[in-house]
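For reference, the structure is listed below as structure tokens.
The values are calculated or read from the model by the stated rules, or taken from the named source; none is laboratory data. Not measured: the values here are computed from a predicted model. Note that each Cβ is placed from the backbone with ideal geometry, even for glycine, and that neighbours are counted across all protein chains shown. These area figures cover heavy atoms from the full protein model, side chains too; ligands, DNA and RNA do not enter into them. Shrake-Rupley method; radii C 1.70, N 1.55, O 1.52, S 1.80 Å.
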Amino acid sequence: MPRPALWTAISDNLTRDIAAGRYRPGDKLPTEAELSARFGVNRHTVRRALQAMSDGGLVHSRRGAGVFVAATPTDYPLGRRVRFNQNLRAAGRVPGREILMSETRSADPGEARALAIDPGDPVHVYETLATADGVPIALGAGVFPARRIPNFLEALHSTDTVTDALAACGIMDYTRASTRVTALLATPTQAVRLRLAEGAPILKTSSVNIDPDGVAIEYGETLFAGDRVALTLEA
């Protein structure tokens with residue numbers, strides 16, 4: 001029988017490494033130079049092996065950053081109660097959150113319309129990077145009516161979740177009134193944050209949450225890495 005092509009052997013070796021857990025989802029693979037030295041081949045052969053793995057959805061490349069192991073998409077339910085930590089734990093993932101920015105400012109017309117307040121009214125805004133098992137999966141922004149929840153930002157920085165922060169402010173429950181999903185391509189800044197290739201697909205959700213009295217308490221926009229999250233609809 002003819003010997004398999006060198007690039008096929010390299011692809012098979014790296015695939016076995018990933019299956020054995022030597023490289024986990026989100027991990028960066030060795031550089032082309034390092035792989036060339038390991039397997040004793042030229043970079044063109046390594047590049048062909050990596051391209052075959054990319055075509056199979058096993059890895060993805062980010063310009064200027066390298067090649068990364070692709071994550072198995074996480075099911076993320078969209079229903080009446082959408083809770084980030086709860087959704088990820090239900091999928092067997094460990095949730096994480098980094099607050100990138102928080103401030104109080106004037107509401108723009110779109111935010112005011114979503115929250116049923118006047119343009120220019122004060123709102124609390126925070127932006128986060130969300131992770132699953134340490135791998136970035138989403139960039140989020142939440143906008144809250146400051147007059148309705150004056151101490152929200154203080155509570156957010158002293159608790160683990162938005163749900164806990166709202167509870168600390170006296171809002172013990174909230175539900176999703178609406179969600180709109182659109183598909184976009186990652187900008188350079190979004191790609192860096194989410195460890196994606198520039199122009200990679202992302203899913204944007206725009207949503208409004210309401211309290212038990214039907215009053216809007218949050219307008220949110222979330223950008224999900226398209227290859228790491230599967231949005232599911234709950235009845």
Qualifying residues in region 198-221 (those that are part of a loop (DSSP other than H, G, I, E, B) and out of contact with any helix residue (DSSP H, G or I) (no Cβ under 6 Å at 6 or more places or on another chain)) - the one farthest from ARG80 (Cα to Cα): GLY199
Which listed residue, of VAL143, VAL125, is under 15 Å from ILE210 (Cα atoms), under 21 Å from the mean Cα position of the chain (by Cα) and at pLDDT 95 or above: VAL143
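In region 133-144, which residues are open to solvent by 10 Å² or more (accessible area, probe 1.4 Å), part of a strand (DSSP E or B) and under 22 Å from TYR23 (Cα atoms)?
Hit for region 133-144 is VAL135, nothing else.
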Close pairs from region 66-92: first farther than 18 Å from LEU194 by Cα, partner loosely packed, with under 15 Cβ neighbours inside 10 Å and polar (S, T, N, Q), Cβ under 7 Å, at least 6 apart: PRO77/THR232; LEU78/THR232; ARG80/THR175; ARG81/THR175
Conditions (1) at pLDDT 90 or above; (2) open to solvent by 30 Å² or more (accessible area, probe 1.4 Å); (3) farther than 14 Å from TYR76 by Cβ; (4) touching a Gly at 6+ places or on another chain (Cβ under 8 Å); number of the one not met by THR222: (3)
Answer residue from region 148-172, given it is open to solvent by less than 70 Å² (accessible area, probe 1.4 Å) and assigned to a loop (DSSP other than H, G, I, E, B) and is farthest from GLN86 (Cα to Cα) among those: ILE149
Extreme residue, farthest from the chain's Cα centre (by Cα), among residues of region 102-122 that are closer than 24 Å to THR182 by Cα and either of a type in the set (A, V, I, L, M) or open to solvent by 70 Å² or more (accessible area, probe 1.4 Å) (or both): ALA116
